[in-house]
Structures are given as C-alpha cells and as structure tokens.
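The block underneath contains the structure these notes are about, expressed in structure tokens.
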Amino acid sequence: MLFKIKSESQIDEKTKAYRNLLDKDYQQKLEEIVEYVKKNCDINSKEKLSKKVFDWFCDNVKYDENILSEKREDGSFINKEYEYKGGKFWRSEKYALLCGKGVCQSISLALKDVYSMLGIECRYVSGRDDDVVLDRFKGRHHAWNEIVLEGKKYTVDWTPHFRTFMTEPRTKQTNEHCI
C-alpha cells in the first residue's frame, strides 16, 4: 500500500521533487514500523500486533505541546510549516513519523496507515470528546482511531491527554468526521 500527498494545484518541479521525497521517506518509515512490529510480535494475533503498534508510537512519537499555544483568536490551531531535509511541509501524518512528534490528528492518521498496512481495519475519527484525562481538553476538538478486531470495534487513542487502548468505541461522542 502506497500513501501519497494529493494536490490538484499546479506545483513547480522543486516542490514536486520535495513532495516525492516526503512520500518516499514516509513510505519507508511505515515499512520500518511494520517490519519492527512483525519481527517483535506474534503476527497471528491482530490484538498483539495492534498493541505493539500502539506501544511503538508511545515510545517513539512525542506530543507537540507547542502546537497548543499557537492558536487563532477563534481558538483553532495555526497550521504551520515544519522543516525536514532542506524543505518545509505542513503538519500531517508525515510530520508525526518523519519528525517524531505530532498532535492528535497527525498521530491518528499515521496510526491508521500503519494498522492498514498490517491488515487491521482502522478508521480515523474526529470530533468533540469529553472522555479526557485533563479537564482543559474537555469538549475540545480531538482525533482518535477505532480498530475492528474479530468484528468488535475498539478505541485506540495515543495522545497523552486521552491515552486509551482497546476501550469501548467513543463514536457515540459528537463526531464530525470519520474516514
């Protein structure tokens, strides 16, 4: 499975080359994670594979607290560019894996990609969630994942403020978007 940046706008050759580099490096990082998980886990147990992926993210990706302080007047976060190998790109799932830090959205999208490569049904969910560890995040916009194992849905949420693995689905919260 190959994950690519998609854009309908016209871009110059330098930008195309940089996007190709990001795609290549992101795909390579996904494959490294999948290989690590398969090498260090019972590949016949999707539950164990799921947990190993979750643990890898907890051990290797840091929550980017700086993002929380960069907001517009309406409270929404400012999407800024990040440097990587001589270029800049917007916060995305690539940011989480290539820079080793992220927020709920970028982490959830990257988790979805890894789970998908392992054949684990996973979807990205975003909305408002009151099931939080810290009150300052109650009712705020959030993103997480739901995986399906043996026909049953579970919530997987890497972010430190909500951290849960294989709990009851939270899609009963006020969802805004699922993919």
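Which count do you get for residues in the range 92-118 that are surrounded by fewer than 23 Cβ atoms within 10 Å (Cβ to Cβ), of a type in the set (A, V, I, L, M) and more than 22 Å from K46 (Cβ to Cβ)?
Final tally of qualifying residues: 2.
Would you point out the residue of the range 134-159, among those that are closer than 30 Å to I43 by Cα, assigned to a loop (DSSP other than H, G, I, E, B) and open to solvent by less than 60 Å² (accessible area, probe 1.4 Å), that is modelled with the highest pLDDT? So that I can check it myself, show each step before the final result.
Of the residues in the range 134-159, the ones closer than 30 Å to I43 by Cα are 143-159.
Applying the additional criterion that residues be assigned to a loop (DSSP other than H, G, I, E, B) yields 150-151, 158-159.
Okay, now just the ones that are also open to solvent by less than 60 Å² (accessible area, probe 1.4 Å), so 158-159.
On the way: W158: 85, T159: 81.
Within the range 134-159, the match that is modelled with the highest pLDDT is W158.
Restricting attention to the range 39-55, and to residues there that are without any contact (Cβ under 8 Å) to a residue 40 or more places away in the chain and touching a helix residue (DSSP H, G or I) at 6+ places or on another chain (Cβ under 8 Å), which single residue is nearest to K94 (Cα to Cα)?
Per the stated criteria, the residue is K52.
Name the single residue, out of those in the range 29-52 being more than 17 Å from the chain's Cα centre (by Cα) and among the hydroxyl-bearing types (S, T, Y), that is most open to solvent (accessible area, probe 1.4 Å).
Per the stated criteria, the residue is Y36.
Given the options K46, K52, name the one that is touching a Cys at 6+ places or on another chain (Cβ under 6 Å) and modelled with pLDDT of 90 or more.
So the residue among K46, K52 that is touching a Cys at 6+ places or on another chain (Cβ under 6 Å) and modelled with pLDDT of 90 or more is K52.
Of the residues E81, E121, only one is in contact with a Lys or Arg (Cβ under 6 Å, 6 or more places away or on another chain) and open to solvent by 20 Å² or more (accessible area, probe 1.4 Å); which?
Within the list E81, E121, the selection yields E81.
Tell me which residues, restricted to the range 8-23, are of a type outside the set (V, I, T) and either modelled with pLDDT of 85 or more or not in a loop (DSSP other than H, G, I, E, B) (or both).
Those that are of a type outside the set (V, I, T) and either modelled with pLDDT of 85 or more or not in a loop (DSSP other than H, G, I, E, B) (or both): E13, K14, K16, A17, Y18, R19, N20, L21, L22, D23.
The values are calculated or read from the model by the stated rules, or taken from the named source; none is laboratory data. Just so it is clear, the model here is predicted, and its values are computed rather than measured. Note: ideal-geometry Cβ built from the backbone for every residue, glycine included; neighbour counts use all protein chains shown. Areas reflect the complete protein model, heavy atoms only, side chains present, ligands, DNA and RNA absent. Shrake-Rupley method; radii C 1.70, N 1.55, O 1.52, S 1.80 Å.
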